[in-house]
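The structure appears right after this line, and notes come after that.
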Amino acid sequence: MAVLVIGLSVASLTRADAPRRPTLESIGDQVMCLCGCVATINHCPHRDCATVAEMRPVIAQEIAAGKDETTILQDLAIRYGVQVLAAPPAHGFSLTAWILPSIGLLAGLSFVVAVARRWRKPRPALASVPDKALDPKLLAAVEEEIKASRMTTRD
């Protein structure tokens, strides 16, 4: 049993390290169509799209030349610009496209936690004035005023 597990592990590691041959489909999912549709070239909704018609033969030619996926994507970025890549490169200024969503998510989560804690915290009760703190002369004058104006007092 242990020999089988070790054999399968080694086989999967060597299989994972082997570079996979790029296909038109795999590259097309990583390349944006530049016609303005905001889709990859595999999913461009326009029938007879000139951009797709131009890019597919270029990609097929590079695959036939034996280039790997990374090299093909780099060549396309050089030819059409970085905006052709569906995922921005993770270096330089484009790194912000990878970092800012995480920062925004953490800031939003922190805000929600702070608000939830504030809602759960019991509010302090209003300070009540003890009866002994009231001046008896003032209290008597208020009660006289109430009686004089025909209002009733609370008992």
Next item on the list: Take the residues in region 34-62 that are farther than 19 Å from P22 by Cα and in contact with a helix residue (DSSP H, G or I) (Cβ under 6 Å, 6 or more places away or on another chain), then tell me which one is most open to solvent (accessible area, probe 1.4 Å).
Entry: L34
Notebook entry, point to check: Identify, please: which residue in region 87-121 is at pLDDT below 90 and polar (S, T, N, Q) and is, among those, farthest from I41 (Cα to Cα)?
Noted result: T96
Check: Taking interchain pairs and intrachain pairs at least six residues apart, which have beta carbon atoms under 6 angstrom, with the first residue in region 122-147 and exposed (fewer than 10 other Cβ atoms within 10 Å of the Cβ) and the second at pLDDT 85 or above?
Finding: none
Item checked: Residue match in region 71-86 (condition: of a type in the set (F, W, Y) and modelled with pLDDT of 90 or more) -> yes
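I'm trying to understand the selection: among the residues of region 122-138, which are among the hydrophobic types (A, V, I, L, M, F, W, C) and at pLDDT 85 or above? Give the derivation first.
Residues of region 122-138 that are among the hydrophobic types (A, V, I, L, M, F, W, C), as a first pass: 125-127, 129, 133-134, 138.
If the condition is that a residue be among the hydrophobic types (A, V, I, L, M, F, W, C) and at pLDDT 85 or above, then L138 is the only one that fits.
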Next item on the list: Hey, can you tell me all the residues within region 68-83 that are open to solvent by 80 Å² or more (accessible area, probe 1.4 Å) and of a type outside the set (V, I, T)?
Entry: Q74, R79, Q83
Margin query: Take A65 and tell me if it is under 21 Å from R20 (Cα atoms) and open to solvent by 70 Å² or more (accessible area, probe 1.4 Å).
Written below: yes
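The values are calculated or read from the model by the stated rules, or taken from the named source; none is laboratory data. The shown structure was predicted, so the numbers you read here are calculated from the model rather than taken from an experiment. All Cβ positions, glycine included, derive from the backbone under ideal geometry; neighbour counts span all protein chains shown. Note: areas computed on protein heavy atoms with side chains; ligands, DNA, RNA excluded. Shrake-Rupley method; radii C 1.70, N 1.55, O 1.52, S 1.80 Å.
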